[in-house]
Amino acid sequence: MNNEHRTIEQSTRQYSHSQELINNLPYGAMIVLGTAVLFLSIPSALSRWVAAVVYLIYGVAGIFWIIVFLCPFCRYYDTRSCPCGYGQIAARLCRRKNPKLSMADCFDEKFKRHIPVIVPLWFIPVVVGVIALIGAFSVRLLVLLIVFAVDAFVLLPLLSTKHSCKECPQRDTCPWMKGFHRAVSPTGV
Ligand code: SF4
């Protein structure tokens, strides 16, 4: 960790491993619930296993996509001020990138480019689950779909904006705060 990272840590909140774990729970729950929704929605035994496993792998790969392609441009890279701990994992996997633009502008550009890669994780279970419910109604699937929606569209954005994003110095320019968050959060919080 260099002097710049120490200064950032001293001027911002630092997260313990247990706090990082808690902050990762809504995303982890979304992936598990989304996998279960796909599994229950698809009638064919082989197809349901393939869809569930692919979604699960996509969810895990999405984490590493962010760690590799976004975190090296974030001011919380290699600090304990990253709310979910990805910034420290990124420091072990890849070097800090030297942006041509200012750090904030560069982060903004990388955010817009890479966040759409993981956005389908929010919508695939909803689309597949609703189509399955229309075809053959199931109380079990409906309940699972509602729990998924509450976690993905309410809890996850709520945790981001009320907790980690609230403390982020990039919040005024962040596309999550301006666009994506509103798109996935029906509460508009
Ligand atoms: S705050 Fe976000 S972009 Fe920054 S290091 Fe943490 S996970 Fe990566």
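Quick notes on this one:
- When residue 106 is tested against (1) outside any loop (DSSP other than H, G, I, E, B); (2) at pLDDT below 95; (3) within 27 Å of residue 152 (Cβ to Cβ); (4) within 12 Å of the ligand (Cβ to nearest atom), only condition (3) is not met.
- Being in contact (Cβ under 8 Å) with a residue 12 or more places away in the chain and surrounded by fewer than 19 Cβ atoms within 10 Å (Cβ to Cβ) is a property that residue 29 has.
- Condition check for residue 31: in contact with a His (Cβ under 7 Å, 6 or more places away or on another chain), closer than 27 Å to residue 128 by Cβ and part of a helix (DSSP H, G or I): no
- Among the candidates 99, 72, residue that is within 15 Å of the ligand (Cβ to nearest atom) and either modelled with pLDDT of 90 or more or closer than 30 Å to residue 132 by Cβ (or both): 72
- Test for residue 130: is it in a helix (DSSP H, G or I), loosely packed, with under 14 Cβ neighbours inside 10 Å and modelled with pLDDT of 95 or more: no
- Among the residues listed as 113, 140, the single one being at pLDDT 95 or above and in a helix (DSSP H, G or I): 140
- Unique residue being farther than 24 Å from residue 159 by Cα and at pLDDT 95 or above when the list is 61, 29, 52, 36: 52
- Options 67, 57, 89, 134; residue that is away from the ligand (no atom under 11 Å from the Cβ), under 21 Å from the mean Cα position of the chain (by Cα) and either farther than 18 Å from residue 32 by Cβ or free of Cβ contacts under 8 Å to residues at least 12 places away in the same chain (or both): 57
The values are calculated or read from the model by the stated rules, or taken from the named source; none is laboratory data. Every value quoted in this text rests on a predicted model; they were computed, and no experiment measured them. Every residue, glycine among them, receives a Cβ derived from its backbone with ideal geometry; neighbour counts consider all protein chains shown.
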